[in-house]
Amino acid sequence: MESKFPGFRELVEYKEVSTPLSYELGGRSNGEFYGIPAVPQRFKLKWLCHTTPIKNFYLTGTDASSLGFIGAMMGGVVTASAILEPAGFPKILRAVRK
């Protein structure tokens, strides 16, 4: 970043760098950095979803959907779709296309 935007380094107040080893030392036994381990059984968990028993209280992010950045983004889409029911997902697609 500094090579493209000289002076950027002075704007940074905080940075964090980590590796699988630092996650393991932080209590993640296999070095994973997602909340729930990325194993096939994860996708069979019935309680792992965007809805909750509390009316109008939803979950989103990687643990409510799938892994990584795209998983977190799609978690937001799935949650927004549920809030916008009926036909929540088509409503989102129409808004994106505008």
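All of the numbers you see were taken from the coordinates with simple rules; none came from a lab. Nothing here was measured: the structure is a model prediction, and the numbers come from that model. Neighbour counts are summed over all protein chains in view; Cβ atoms, including those assigned to glycine, are modelled from backbone coordinates with ideal geometry.
Can you work out the FRET efficiency for the pair Thr51 and Tyr14, with r the C-beta to C-beta distance and R0 = 35 Å, to the nearest 0.05? Don't skip to the answer; put the middle values down first.
Numbers: r = 35 Å, r/R0 = 0.99.
Approximately 0.50, to the nearest 0.05.
Modelled label-to-label distance, Ile36 and Lys4, 7 Å Cα→beta-carbon offset: nm?
Label-label distance for Ile36 and Lys4, simple model: 3.5 nm.
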